[in-house]
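Reviewing the structure listed below.
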Amino acid sequence: MIYLSGSPNNKTPKNIGFMATPTVGTNLIKKGHKWVVDNGAFTGSFDEKKYFAFLEKMVEYQGNCLFATCPDILCKPIETMNLYEKYSDRIKQLGYKVAFVCQDGQENYQLPDCDAIFIGGSTEWKLSKGADACIKQAKELGLWVHIGRVNTRSRIRHCKLRGVDSVDGTCIAFGFDANMPKIIRWMKERMLFDDLYNHVSDSDCIG
């Protein structure tokens, strides 16, 4: 599983990827880190013109790009599917793998033709059986699975147990020197049978 940071820092180890947006620096991408394109919809900053200009600008670095997220609307699966229909072909035509963002209730619908799914939506839903059903369907189709907003050890373990391919988080931005070692340690932990029943304490990221 790959961890993607939403905060660019030149001290970031090579095995930590980067979640890029049209408004955030691209130094880690140019240094060869794995990366994905965030559309900015979660923070209400999606700008169609800037988004596609950024995709065109970064074409030469596609080799390390895991996917580009298609625009979505938080907690609204039908509206998100409509946006996917509107924008996905345009993203693919630029040569990027495209990720469909799953929202609350997506388990009631078929996944569209995509290269990856991004488990978004509310915190409650992304930890629910509904999100698990979407992950299962995606895995059966051979799709890449990503989960957003993963900032704690317990959430990382939750994702590992479900066979997730990548996650992202922002906690590194709130204390790089304190939080990066924790992220690296949690990502390296092996999932043993006893781990399902025995809690091993470790403080969450600061910030």
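Quick look at the values:
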| read-out | value |
| --- | --- |
| Exclusive hit being closer than 18 Å to T80 by Cβ and touching an Asp or Glu at 6+ places or on another chain (Cβ under 7 Å), set G121, G105 | G121 |
| Residue count for region 28-53, restricted to those that are within 16 Å of the chain's Cα centre (by Cα) and without any contact (Cβ under 8 Å) to a residue 24 or more places away in the chain | 2 |
| Residue within region 10-21 that is within 24 Å of S122 (Cβ to Cβ), of a type in the set (F, W, Y), crowded, with 19+ Cβ neighbours inside 10 Å and modelled with pLDDT of 95 or more present | no |
| Residues (surrounded by fewer than 13 Cβ atoms within 10 Å (Cβ to Cβ) and among the aliphatic types (A, V, I, L, M)) located in region 30-69 | A53, V59 |
| Where a residue in region 99-115 is within 20 Å of W35 (Cα to Cα) and its partner, wherever it lies, is among the charged types (D, E, K, R) and in a loop (DSSP other than H, G, I, E, B), with Cβ under 7 Å and at least six apart | A99/D115; V101/D72; D115/K97 |
| Meets criteria (out of contact with any His (no Cβ under 6 Å at 6 or more places or on another chain), within 26 Å of A173 (Cβ to Cβ), modelled with pLDDT of 95 or more and not β-branched (V, I, T)) for C114 | no |
| Criterion: under 16 Å from the mean Cα position of the chain (by Cα), of a type in the set (A, V, I, L, M) and crowded, with 24+ Cβ neighbours inside 10 Å - qualifying residue of I119, I91 | I119 |
| Close pairs (8 angstrom Cβ cut-off, 6 or more residues apart or separate chains): closer than 21 Å to A20 by Cα in region 127-153, in a helix (DSSP H, G or I) and among the β-branched types (V, I, T) anywhere | V145/I135; R149/T123; V150/I156 |
| Candidate set: region 153-180, residues that are crowded, with 18+ Cβ neighbours inside 10 Å and among the β-branched types (V, I, T); chosen: the one farthest from the chain's Cα centre (by Cα) | I172 |
| Members of region 57-87 that are in contact with a His (Cβ under 8 Å, 6 or more places away or on another chain) and in a helix (DSSP H, G or I) | N64 |
| Single condition W125 does not satisfy, out of (1) more than 22 Å from F54 (Cα to Cα); (2) loosely packed, with under 14 Cβ neighbours inside 10 Å | (2) |
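The values are calculated or read from the model by the stated rules, or taken from the named source; none is laboratory data. Worth saying up front: this structure is predicted, and the values here are computed from it rather than measured. Cβ sites come from the backbone with ideal geometry, for glycine too, and all protein chains shown count toward neighbours.
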